[in-house]
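Here the structure comes first, spelled out in structure tokens, and everything after it is commentary.
Bear in mind these aren't lab numbers, they're just calculated from the coordinates by the rules spelled out. Given the structure is predicted, the values throughout are model-derived calculations rather than measurements. Cβ placement follows ideal geometry from the backbone for every residue including glycine, while neighbour counts extend to all protein chains displayed.
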């Protein structure tokens, strides 16, 4: 998937496949359980700030329990795709005193979902709080309130909710996964890895946890551990482009350029000539030839062309592809970023500098490479994959 507008497209092949184990949450309210998967992703999975990712998330549609025969307001409160109508119906049920006890908690819970969908986070958090006053410790309300706290950019409050949910239900997959996300976003990678490890002990088929932990292992320089997680992910889903792409990153960082090239080629096949995989495939083939002392190599021009042909002139990262095709230069790319991508500028500059650094290493210009990687870090775009890989490379270079 890619955008055709002026904003930077988010390519799904860089994120997790939409597959994971189903999460069975016992909800004793009339409201439905949480969705099977919480769409909150760790930095290794998706570009851009977490807040943007979470605002795109779809919350569940609630349904009444079989033993409830609600009036029209409560029926619309519990089962309505229109967030505003849901809020109105739930408000009528609450203020009209149509419901009490568990049904009242369900009305608050479902109104909170409506508020969240409309990005009225404070109102949603308040209603989840009302739910919890009636049903203290309800994991579904705690996890959803925590998710809303994250949307409102309040990670510490979110963590408190996830902690509380886990205290009530230690095997709550969503709470543990989301708590790992909070830890990773705060640079507490060991805590995140520990939570993901606990989750994977009981849910070894959780693709996102494998992908996320593998990404954190790359960030920590533990490439063999990362490769094991991505390999386990690919055993579960042999068509997972993200598994191939990220295993390729780990192998590339380890110096296994031939293995990395195979993975990037597989990522391209799995996800429509993936442009970032094409860039890395091109580099991996060049470094592999260099190690084998075969002299100068063209890399993989066919992969570059296949990826570039899928993109329009204004679509990122066609500009970087054309740089490696010798159709543009770095100065022109940076000028384009300044002109057309003012908001996405730091992340895009980070990407360009990373690839310029890799090209400099191929030329044997270590000093220039270090400068480019440091420039990538200087963008502060810490959730960008190339920021992480620039840090890894700098450590390997001792710079």
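Computed over the stretch 329-399, relative contact order equals 30 percent, with contacts defined as Cα pairs under 8 Å that lie 6+ residues apart. Spin-label model, residue 269 to residue 367: label points 7 Å out along the Cα-to-beta-carbon direction sit 4.4 nm apart. For the pair residue 198 and residue 133, the difference between a 0.36 nm per residue extended length and the Cα-Cα distance amounts to 20.4 nm. Label positions at residue 157 and residue 338, each projected 7 Å from the Cα along the C-beta direction, are separated by 4.0 nm.
Each label was represented as a point 7 Å from its Cα along the Cα-to-Cβ direction; for residue 97 and residue 81 these points are 3.7 nm apart. Based on C-alpha pairs under 8 angstrom that are at least 6 apart in sequence, the stretch 164-316 has a relative contact order of 12 percent.
Fully extended, how many nm does the chain gain between residue 222 and residue 374 (0.36 nm per residue separation, minus their Cα-Cα distance)? Display every interim value, and only then the final one.
Values: separation 152, 0.36 × 152 = 54.72 nm, distance 2.14 nm.
Gain in length upon complete extension: 52.6 nm.
Computed from the C-beta positions of residue 188 and residue 167 and an R0 of 22 Å, the FRET efficiency is 0.70 to the nearest 0.05. Relative to one another, the C-alpha centroids of the stretch 160-224 and the stretch 342-392 are positioned 28 Å apart.
Normalising by the residue count of the stretch 187-243, find the relative contact order in percent from Cα pairs under 8 Å and 6+ residues apart. Numbers along the way, then the final one.
Numbers: 45 pairs, mean separation 16.1, N = 57.
Once normalised by length, the contact order is 28 percent.
Shown for 181, 316: other C-beta atoms within 10 Å of each C-beta, ranked fewest to most, produce the order 316, 181. The overall shape of the stretch 329-399 is oblate: from the C-alpha gyration tensor, with semi-axes ordered a ≥ b ≥ c, the ratio a/c is 1.5 or greater and a/b is no larger than b/c. Over what distance in Å are the Cα centres of the stretch 260-293 and the stretch 93-145 separated? If we compute the Cα centre of each part, the gap is 49 Å. Once you order the gyration tensor axes a ≥ b ≥ c over the Cα atoms, which shape class does the stretch 136-214 get: rounded for a/c under 1.5, otherwise prolate or oblate by comparing a/b with b/c? Cα axes put the stretch 136-214 in the oblate bin.
Order these by the 10 Å Cβ neighbour count, fewest first: 352, 88.
Details: 352 23, 88 17.
Ranked by crowding around the Cβ, least crowded first: 88, 352.
Ordering 206, 290 from the fewest to the most neighbouring beta carbons within 10 Å gives 290, 206.
Taking 0.36 nm per residue of separation and subtracting the current Cα-Cα distance, fully stretching the chain between residue 396 and residue 297 would add 33.2 nm.
To the nearest 0.05, what FRET efficiency results for residue 327 and residue 119 with a Förster distance of 51 Å applied to their C-beta separation?
Values: r = 42 Å, r/R0 = 0.82.
That pair, residue 327 with residue 119, gives E of 0.75.
Sort the stretch 153-272 into rounded, prolate or oblate with this rule: let a ≥ b ≥ c be the square roots of the eigenvalues of the Cα gyration tensor; rounded if a/c is under 1.5, and if a/c is not under 1.5, prolate when a/b is larger than b/c, oblate otherwise.
Working: a/c = 2.47, a/b = 1.95, b/c = 1.27.
Taking the square roots of the gyration eigenvalues as a ≥ b ≥ c, the stretch 153-272 is prolate.
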